[in-house]
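Taken together, the values in this text are just the output of simple stated rules run on the coordinates, not laboratory data. None of the values given here were measured: they were computed from a predicted structure. Cβ: placed from backbone, ideal geometry, glycine included. Neighbour counts: every protein chain shown.
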Amino acid sequence: MGLFTRFRKGKADDVVDDDEVLARLSANSELQRQRAQADLQRDIARATALKIDAIEAAMAADMFDDPEPAFRRPPRPAPMPQEQDGNTLPLLDGAVTELLGDEDIPAEAAAAERAPVVEEAALLYAGGDSGAARQLLVAAVAEDGRATGTRDRTAWWMLFDLYHVQGEQDAFDDLAIDYASTFETSPPMWQPPPAGAEGYSGIAPTVQFSGVLDERAQPQAERLRAVAEAAVLRVDFSRVQAVTPAGCGPVLDALRAVPPQRELQLAGAEELVAQLRALLDVGRRDEGEAPWLLLLELLRLLNREKDFEETAMDYCVTFEMSPPQFVAPGNVASTPRQASGPTADRYLLPQVIEGDSQALLAAIRAYAGQATTLVFDCSHLVRIDLTAGGQWLACLRELAQQGPRRIELRELNHLAAALLRLLGFADVARLFPHRY
């Protein structure tokens, strides 16, 4: 009995009261409910955070990832119909952008070229008072900088050109910083003034390559070699649409034949570089060496030493041989692609045209006697005064009256361009200021 009694007693001690069991179950249920509630709140917070992140990402994409819309010129009123005698180019309407087939200047800037401050600065500079012109332009630029949403850049471009003419690179760079801040775009970069043939005035041979650069480029390459000794030589790749290895060798040999002391003007070379890069792959020798060597030569002429060294390393890896060494180019200038530019040889104008310019006009008439399209290269032209400008305009009117004739003035600085527009050159010629 004692044993069973002791056993039962021990068992009875282990028995838990029903109320205690219910209390424990209730506590466990409440704890589980609290845990479930906390889990639910965490899930809600996590979902909310994810939604906020998604909204912020979408906003950032709208603000920063979308490309900026391309510039579109605003519509212009149609010009009034005018009778033409067939001997001159049609008169252009008041919007100066009609002169700029290459989209050199936005329409907003062209409208300002009739502004008094631009005209006055152009007249002061033409008269030799560059100090007064500078003060006027500096004040105009400062006013533009304070204005909100201004789109007029004419005074800026004229001031850039004035600093360039005067060799003031520090002032040019300071203005470039203000320009980038005001217009939220890349500013102009300082380019060294042309050297070597600054005193030359006369015909500058133009060699233009077009279409597919293949074995059919041989005649142009031979002409380039034939005129390589010219004081100023222009090579235009603007109309090249594609490149093949067969055309690279002749072009490379012709470019290497141009003496370094000659002035070489390249047009569309940057675009040709891009086409050559698309043709080549590191490690692949199918195209041969000529495209690689032409690419290296163009990079050298463009003075892009870093790109030259990187491409030279790719050439070394591909052909397992030493690449050409970088040699600083001589007097080389580069202009952007000009697909609408004529193929005619250009007449390079001198740095300054002032006073009685009958000798220059006689040379221009001789040039017109052997060309139906007259293209004047104004890349060296720094200044022209009112007297010489009037004489030149009368000469061009005379040439235009001799029969339908295309006359273009290209690579004008903006100081000279403003003066020529004021004098009425737009009636007989198309004006193409250089692009910033």
Okay, which of the stretch 272-296 sit inside 17 Å, backbone N to the point 7 Å along the Cα-Cβ direction of ASP214?
-> 276, 279, 287-288, 291
Mind checking the full-extension length gain between LYS306 and THR343? Use 0.36 nm per residue of separation minus the Cα-Cα distance, one decimal, nm.
-> 10.1 nm
Theoretical gain in end-to-end length, ILE177 to ALA242 [0.36 nm per residue, Cα-Cα removed] | 19.7 nm
Arrange PHE432, PHE183 by Cβ neighbour counts within 10 Å, fewest through most, would you?
-> PHE183, PHE432
Sites ALA371 and VAL317 - FRET efficiency at Förster radius 56 Å, r taken between beta-carbons, to 0.05 | 0.70
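Would you please put 326-333, 391-398 in order of how densely packed they are, using the mean number of other Cβ atoms within 10 angstrom per residue and starting with the highest? Don't skip to the answer; put the middle values down first.
On the way: 326-333: 15.4, 391-398: 17.4.
Taking the mean over residues of other Cβ atoms within 10 Å, the ranking is 391-398, 326-333.
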Which net charge results for the neighbourhood of GLU289, defined as the other residues with beta-carbon distances under 15 angstrom from its beta-carbon, given Lys and Arg at +1 and Asp and Glu at -1?
-> -4
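For GLN261 and ALA132 in one chain, what is 0.36 nm times their gap in residues minus the Cα-Cα distance, to one decimal in nm? Intermediate values should be presented prior to the final figure.
Numbers: separation 129, 0.36 × 129 = 46.44 nm, distance 3.71 nm.
42.7 nm is the gain from fully extending GLN261 to ALA132.
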Ratio of Rg to Rh for the stretch 117-252, alpha carbon only, Kirkwood?
-> 1.14
With r defined as the distance between the Cβ atoms of GLU143 and VAL165 and R0 fixed at 25 Å, what FRET efficiency is calculated, to the nearest 0.05?
-> 0.65
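Grab the alpha carbons of the stretch 206-335, take their convex hull, and tell me the volume per residue in Å³.
Details: hull volume 11.5 nm³, N = 130.
Per-residue hull volume (Cα only) is 89 Å³.
Give the average over all directions of the projected area of the C-alpha convex hull of the stretch 346-433, one decimal, in nm². Let's see the in-between values first.
On the way: hull surface 18.9 nm².
For the stretch 346-433, averaging the hull's shadow over all directions gives 4.7 nm².
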